[in-house]
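Here the structure comes first, spelled out in structure tokens, and everything after it is commentary.
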Amino acid sequence: MTGLTLSSADLDPRRRRILFRCWHRGIREMDLVFGQFADNELPNLPEADLDELERIMAEEDNDLLKWILGSEPTPQHLQTPLFERLASYKPDFEEIAERFGLTK
């Protein structure tokens with residue numbers, strides 16, 4: 001179980017589970033957001049941030065995608081510095097769509 005750049009080999013069991021869950025969200029766009037975030041930040045997150053990340057991950061992917069893309073306002077309980085950092089990992093989905101010939 002590894003991310004794109006982060007191996008789970010040196011992680012504790014909790015971080016291993018979170019890394020796997022970040023890269024296997026169910027919606028590919030969320031895999032990219034959560035996976036990149038985990039690859040870059042998971043090893044150094046304090047326990048309190050891990051708790052919050054797990055609460056965020058419990059939200060529905062369709063809702064998370066709307067909040068991250070800004071198509072719906074982020075609920076009050078997610079207006080936190082950690083959620084803002086996570087949302088900053090959103091890739092340019094238009095560029096990805098063009099690269100794979102998914103645009104009109």
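Things to note:
- Assuming charge only on the beta carbon of Lys and Arg (+1) and of Asp and Glu (-1), the dipole of the range 11-98 about its Cα centre is about 360 debye to the nearest 20.
- For the pair GLU47 and ILE27, a Förster radius of 25 Å applied to the C-beta separation gives a FRET efficiency near 0.35, rounded to the nearest 0.05.
- Full extension of the chain segment joining LYS66 with ARG17 gains 15.2 nm, where the gain is 0.36 nm per residue of separation less the Cα-Cα distance.
- Rolling a 1.4 angstrom probe over the protein heavy atoms with all chains in place gives the range 11-98 an accessible area of 54 Å² per residue.
The values are calculated or read from the model by the stated rules, or taken from the named source; none is laboratory data. All figures in this text were calculated on a predicted structure; none of them were measured in a lab. So basically every Cβ, Gly included, is an ideal-geometry build from the backbone, and we count neighbours across all protein chains shown. Just the protein is used for accessible areas: all its heavy atoms, side chains included, with ligands, DNA and RNA removed. Shrake-Rupley method; radii C 1.70, N 1.55, O 1.52, S 1.80 Å.
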